[in-house]
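Enquirer: I'd like to ask some things about the structure below.
Each reported figure results from applying straightforward, stated rules to the coordinates on display, with no laboratory input. Worth saying up front: this structure is predicted, and the values here are computed from it rather than measured. Cβ: placed from backbone, ideal geometry, glycine included. Neighbour counts: every protein chain shown.
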Amino acid sequence: MKPITESFFVSEQIHPEDIPALAEAGISHLICNRPDHEADEQPLSETLQEVAQQHGMSFTFLPIAPGQFHDADVAKFKDAITSTGNTLAFCRTGTRSLSLWVLANPDQMTTSKLLQLSETAGYNMTALIDRVAQ
């Protein structure tokens with residue numbers, strides 16, 4: 001789990017057995033940006049949602065194909081992260097989830113700040129920066 005801000009984190013694919021520790025770490029909302037059946041070994045979103053709810057967490061399933069960041073999906077993502085507490089968004093590597101966050105720009109950050117936070121977490125978002133809503 002990589003912190004982006006005090007209340008937003010990204011990670012690679014999580015598994016049901018990861019959820020209790022995430023809840024203990026203060027994560028209250030999960031956003032799954034990985035479509036079901038993208039890979040054979042990945043858990044289904046329904047399973048993750050069930051376990052998350054058992055641990056008092058909310059869950060949003062917003063599947064995004066790699067590189068397909070439609071404005072409607074960005075708006076849904078922004079709604080999901082601005083209405084909750086500590087949020088962990090995940091996909092195969094965390095890149096799609098962070099891309100959505102950068103495009104949504106929920107805290108109205110400058111493009112240089114968005115790039116800096118992304119780079120600190122190990123991601124390069126320069127290809128998206130022209131689309132950022134400020």
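Enquirer: Could you work out how far the C-alpha centroid of segment 80-134 sits from that of segment 46-60, in angstrom?
Expert: The distance from the Cα centre of segment 80-134 to that of segment 46-60 comes to 23 Å.
Enquirer: At 0.36 nm per residue, minus the direct Cα-Cα distance, what do Gln53 and Glu12 gain on full extension? Give it in nm, one decimal, please.
Expert: Gain on stretching Gln53 to Glu12: 12.8 nm.
Enquirer: Still on this structure, please answer the following. Cβ neighbours within 10 Å, averaged per peptide: list 46-53, 92-99, 62-69 in order, most packed at the top.
Expert: Working: 46-53: 17.2, 92-99: 22.5, 62-69: 15.1.
The packing order, highest mean first, is 92-99, 46-53, 62-69.
Enquirer: Right, something else. Could you state the orientation-averaged shadow area of the convex hull built on the Cα atoms of the chain, in nm² to one decimal?
Expert: On the way: hull surface 29.1 nm².
Orientation-averaged projected area of the Cα hull: 7.3 nm².
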